[in-house]
Amino acid sequence: GEPHYTTFDGLYYQYQGKCKYLLVGTTPANNLYPPFKILVKNKIYPPRVGTAYTDYVELHIYNYVIKIDQDKVITVTYPLTSLTVTIFNDIVLSQGISIYADGVILTDFGLKITFDGIWNLYVSIPDDMVGMTEGLCGDHNLDPSNDLTKYNGVLVTNVNGFGNSWQVYDPDNPR
């Protein structure tokens, strides 16, 4: 929703970016779990200038793109095709990904995304993914003091510089 973040290590911050960002993704240090990335698209909330909200969240895993929009509209783009379908009922994909119509995605290895389609987005990962993540949710190394590490590896104290560094390409809003 209105982007207030708490990293996996417990650091709370506010970041009102209005683009598409890497919320969390696996790093090369990940040797236990399938690689994935979770992207989040934030937009300005018109009634309150300078305030952003979560427009949608995307999970990229096993060549699928699973997207939950505002109002819990869920779409799945299938691997190696341009086929995109809208999900109205609970389904399980062949790789052990469960998608629930109420805005929950759960993998067989314990990654869970919950988006209420309005304001609240939650991500949980397996506890043993220590040091295997990056993005706006931090590195999950049990030390919140280094969670504002930018994409280039530089630790900063400025939340805007940190957040901006995790911006990703958005085909709907190319720069």
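The values are calculated or read from the model by the stated rules, or taken from the named source; none is laboratory data. Computed from a predicted model, the values in this text were never measured in an experiment. Reconstructed Cβ throughout: ideal geometry from the backbone, glycine too, with neighbour counts over all protein chains shown. Remember, those area values only see protein heavy atoms, side chains included, never the ligands or the DNA or RNA. Shrake-Rupley method; radii C 1.70, N 1.55, O 1.52, S 1.80 Å.
Brief remarks on what is shown
- Heavy-atom accessible area, probed at 1.4 angstrom with all protein chains present, ranks LYS150, LYS41, LYS112 as LYS112, LYS150, LYS41, highest first.
- About the Cα centre, charge dipole magnitude for the chain (Lys/Arg +1, Asp/Glu -1 at Cβ), debye: 560
- For the chain, with all protein chains in place and a probe radius of 1.4 Å, 53% of the accessible heavy-atom surface sits on carbon or sulfur.
- The chain, relative contact order in percent, only Cα pairs under 8 angstrom and at least six apart counted: 23
- Annotation: for a label point projected 7 angstrom from Cα along Cα→Cβ of LEU83, residues of segment 39-67 with backbone N closer than 17 Å are 62-67.
- FRET efficiency, 1/(1 + (r/R0)^6) with R0 45 Å, evaluated for VAL49 and ASP128 via beta carbons: 0.60
- Database remark: amide H of LEU111 closer than 5 angstrom to no amide H (H placed geometrically; neighbours at sequence offset of 5 or more, or on other chains; Pro and chain starts carry no H).
- In this structure the chain gives 51 Å² per residue of accessible area when probed at 1.4 Å with all protein chains present.
- Computed on segment 6-100, with alpha-carbon pairs under 8 angstrom and 6+ residues apart, the relative contact order is 16 percent.
- Pairs of Cα atoms nearer than 8 Å and 6+ residues apart set the relative contact order; for segment 112-173 it is 17 percent.
- Aspartates and glutamates whose Cα lies under 17 Å from that of LYS150, excluding same-chain neighbours fewer than 8 positions away: ASP9, GLU134, ASP139
- Listed by chain and number, the aspartates and glutamates whose alpha-carbon sits under 14 Å from that of LYS72, ignoring those within fewer than 8 places in the same chain, are ASP55, GLU58, ASP90, ASP102, ASP116.
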